[in-house]
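Everything on this sheet refers to the single structure shown next.
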Amino acid sequence: MAATPAAPPRKPKTLAFLCRRSPWGSGHAAEMLEAALIAGAFDQEVHLAFLDDGVFQLVAGQRPDLLGRRALDQGFGELADLDVEHVWVERESLAERGLEADRLLLRATVLDRRAMAELLARMDAVFSA
């Protein structure tokens, strides 16, 4: 009886998680970060992008405990452990909100809107909240 050949290893999916909302108005920010971390735990190629009011998630010195919420920076610390290496932030979103990339909690690659759209067009799936 001939042995069945092993299936070739599956290529990870490229998944983009778009963080578009303020960190404290709802649970969307924490849920999107959690989804990205779960995908990373399953060896998918995770891209985390911050746009619109989502750039506020990256501002240091916030006090989520005053609102009874968990600090997102704890989850950000787990990104490297799960090999989430692709972190993007939209240049225009930062500028419109008076923020500078070198003062953010995470080291992120800054892309303009056109480059961000081109990047997202190459993803296997895009999740947004």
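Of note:
- Criterion violated by GLY98 - all others in (1) part of a loop (DSSP other than H, G, I, E, B); (2) touching a residue at least 12 places away in the same chain (Cβ under 8 Å); (3) not charged (D, E, K, R) satisfied: (2)
- Test set (1) out of contact with any strand residue (DSSP E or B) (no Cβ under 8 Å at 6 or more places or on another chain); (2) free of Cβ contacts under 8 Å to residues at least 40 places away in the same chain; (3) charged (D, E, K, R); (4) under 22 Å from ALA115 (Cα atoms) - ARG21 fails condition number: (2)
- Of all residues in segment 34-77, those satisfying the criterion of being surrounded by 12 or more Cβ atoms within 10 Å (Cβ to Cβ), assigned to a helix (DSSP H, G or I) and among the aliphatic types (A, V, I, L, M) are ALA35, ALA36, LEU37, ILE38, ALA39, ALA41, VAL55, LEU58, LEU72.
- Taking the criterion of being more than 19 Å from ALA39 (Cα to Cα), aliphatic (A, V, I, L, M), part of a helix (DSSP H, G or I) and in contact with a helix residue (DSSP H, G or I) (Cβ under 7 Å, 6 or more places away or on another chain), the only residue of segment 80-95 that qualifies is LEU94.
- Filtering LEU111, LEU82 for residues that are aliphatic (A, V, I, L, M), within 17 Å of PHE56 (Cα to Cα) and buried (at least 16 other Cβ atoms within 10 Å of the Cβ) leaves a single hit, LEU111.
- Residues that are out of contact with any His (no Cβ under 9 Å at 6 or more places or on another chain), of a type in the set (A, V, I, L, M) and closer than 22 Å to ASP81 by Cβ, drawn from segment 19-53: ALA29, ALA30, MET32, LEU33, ALA35, LEU37, ILE38, ALA39, ALA41
- Qualifying residues in segment 101-118 (those that are closer than 25 Å to ALA71 by Cβ and assigned to a loop (DSSP other than H, G, I, E, B)) - the one modelled with the highest pLDDT: ALA108
- Looking only at segment 1-33, and only at residues there that are among the aliphatic types (A, V, I, L, M) and surrounded by fewer than 16 Cβ atoms within 10 Å (Cβ to Cβ), the one that is nearest to the chain's Cα centre (by Cα): ALA7
- Residues being in a strand (DSSP E or B) and polar (S, T, N, Q) - total across segment 11-33: 1
The values are calculated or read from the model by the stated rules, or taken from the named source; none is laboratory data. None of these values were measured; they are calculated from a predicted model. Here Cβ is always computed from backbone atoms with ideal geometry, including for glycine, and neighbour counts include all displayed protein chains.
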